[in-house]
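The values are calculated or read from the model by the stated rules, or taken from the named source; none is laboratory data. Note that this is a predicted model, so its numbers are computed, not measured. With ideal geometry, Cβ positions are generated from the backbone for all residues, glycine too; neighbour counts draw on all protein chains shown. Ligands, DNA and RNA are stripped out before the accessible areas are found, and what is left, the full protein with its side chains, is counted by its heavy atoms. Shrake-Rupley method; radii C 1.70, N 1.55, O 1.52, S 1.80 Å.
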Amino acid sequence: MKIGELARRSGLSAHTIRYYERIGLLPYADRDGSRQRDYDASILTWIEFLSRLKTTGMPIREMLRYAALRAAGPATGSERQHLLEAHRETVRARIAEWQACLTVLDAKIAGYADAETRIDDHAASLHSGRPQPERPLPGRPASGRLPSSGTRKPARSRSARAG
């Protein structure tokens, strides 16, 4: 398959495919009689695997290491396995971190939903004609007025204010 077809089927751009080939993530493609790249369809499986590694946050240098080990053949299977096991632990730790973040987001969203429900319930009761219990403002009694001690402070004289 030509590079355009590979790009369409893999979701990568032709530029990215050439780049991956140049740095060693993809093997060099065979060339046809007109010197155009001619890829075997099996390359799609490898590209999909690379995409998974990228999505899970594996750095390109590690992907290159894995690709080099893969190209070296079956004798590197154990080393490839260890590399993937280490990456799996990194992914699990990231998932746990994201799960904790998701829990915080869920709690925050639930708080907003509860506030909306309280506002909607209050608005509905206002429109239904039912009297609402008076809720004092923070720092104020139910009457809405500040308490008075019953005595007023005497006004200071002009001479007392000047001093």
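Couple of notes before you dig in:
- Packing-based order for 12-23, 92-103, using average beta carbon neighbours within 10 Å, highest first: 12-23, 92-103
- Computed log₁₀ I(q)/I(0) - Debye formula, equal Cα scatterers, no solvent, the range 1-56, q 0.16, 0.24, 0.28 Å⁻¹: -0.43, -0.98, -1.32
- Accessible surface of the range 1-128, 1.4 Å probe, proportion on carbon and sulfur as whole %: 57 percent
- With contacts taken as Cα pairs under 8 Å and at least 6 residues apart, the range 1-131 reaches a relative contact order of 16 percent.
- Rg/Rg_globular for the range 1-108, with Rg_globular taken as 2.2 N^0.38 Å and Rg from C-alpha atoms: 1.33
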